[in-house]
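A short worksheet on the structure shown next.
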Amino acid sequence: MTLSTSVLDRLRSLSRRRPSPTWRRVLALGLALVAVSTFFWPDVGHPAVVASRDLPAGTPLTASDVRVVSLAAPLPGSFPGSDAVVGRALSSPARAGVPLTDFDLSDVAADHASVAVRVADQGLAAVVRPGGRVDVVSSSGEVVAENAAVRETHGQVVVLTLPRLNATRVAAMSLDHALAVTLR
């Protein structure tokens, strides 16, 4: 028989004794500090750019138009920083506080513009799809614009994105008569 006790015996004897009031106070203070520190812990959400106010479609975004917020879950197509959206235009209206995604922004550059064209052939207008490319032809057979991007279609009206000078010319010609488009 030995006089030295094992580690297991020491743990058993500690578990039988009540902790002193000082140890209980230290433990309570430590738990209170942990609780307070979790209140001030930074949010581990997912950053997303939202509109800071209601914005109409076509508005080129500035730094004052957007702000970054933290979302509980990641939103597909959202932007983590405002630098990715500043200078780009909205393709549809945006409400204040609603996250902006890649679908909300148009790919129209500053030197491009979108113009609505009434297509002479309604059957052809039904074939044209957003994202396609077309050439715009006048009634005299002159090619007014080449390789125009189709942005939207609404019945016989096709919205095209062109260089700004061509867009102005196409808009002026479409006032007089319907234009034709050729598919690329």
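Kindly establish whether Trp41 is over 30 Å from Ser91 (Cα atoms), assigned to a loop (DSSP other than H, G, I, E, B), open to solvent by 100 Å² or more (accessible area, probe 1.4 Å) and at pLDDT below 85. It is true that Trp41 is over 30 Å from Ser91 (Cα atoms), assigned to a loop (DSSP other than H, G, I, E, B), open to solvent by 100 Å² or more (accessible area, probe 1.4 Å) and at pLDDT below 85. Sub-6 Å Cβ pairs linking a first residue in the range 40-69 that is touching a residue at least 12 places away in the same chain (Cβ under 8 Å) and over 18 Å from Asp83 (Cα atoms) to a second residue that is open to solvent by 80 Å² or more (accessible area, probe 1.4 Å) and of a type in the set (Gly, Ala, Ser), at least 6 apart or interchain, are Gly45/Ala72, ordered by first then second residue.
The residues listed here are Ser140, Ser174; of these, the one that is touching a residue at least 12 places away in the same chain (Cβ under 8 Å) and of a type in the set (Ser, Thr, Tyr) is Ser174. Scanning the range 138-166 for residues that are hydrophobic (A, V, I, L, M, F, W, C), farther than 22 Å from Asp104 by Cα and buried (at least 17 other Cβ atoms within 10 Å of the Cβ) yields Val144, Ala145.
Within the range 80-88, one or more residues are in contact (Cβ under 8 Å) with a residue 24 or more places away in the chain, over 25 Å from Asn147 (Cβ atoms) and among the hydroxyl-bearing types (Ser, Thr, Tyr).
Can you confirm whether Ala180 is touching a residue at least 60 places away in the same chain (Cβ under 8 Å) and touching an Asp or Glu at 6+ places or on another chain (Cβ under 8 Å)? Please lay out each step first, then the result.
Working: touching a residue at least 60 places away in the same chain (Cβ under 8 Å): yes; touching an Asp or Glu at 6+ places or on another chain (Cβ under 8 Å): yes.
Yes, satisfied.
Is one or more of the residues making up the range 10-17 open to solvent by 40 Å² or more (accessible area, probe 1.4 Å), within 30 Å of Ser114 (Cβ to Cβ) and at pLDDT below 90?
No: zero hits.
Among the residues of the range 71-106, those identified as within 20 Å of Val159 (Cα to Cα) and either open to solvent by 60 Å² or more (accessible area, probe 1.4 Å) or outside any strand (DSSP E or B) (or both) are Arg88, Ser91, Ser92, Pro93, Asp102, Phe103, Asp104, Ser106.
The values are calculated or read from the model by the stated rules, or taken from the named source; none is laboratory data. Bear in mind that the values here come from a model prediction, so they are computed numbers and not experimental data. Because the Cβ atoms are built from the backbone with ideal geometry, glycine has one as well, and the counts that use them run over all protein chains shown. These accessible areas exclude ligands, DNA and RNA; they are computed on the full protein's heavy atoms, side chains included. Shrake-Rupley method; radii C 1.70, N 1.55, O 1.52, S 1.80 Å.
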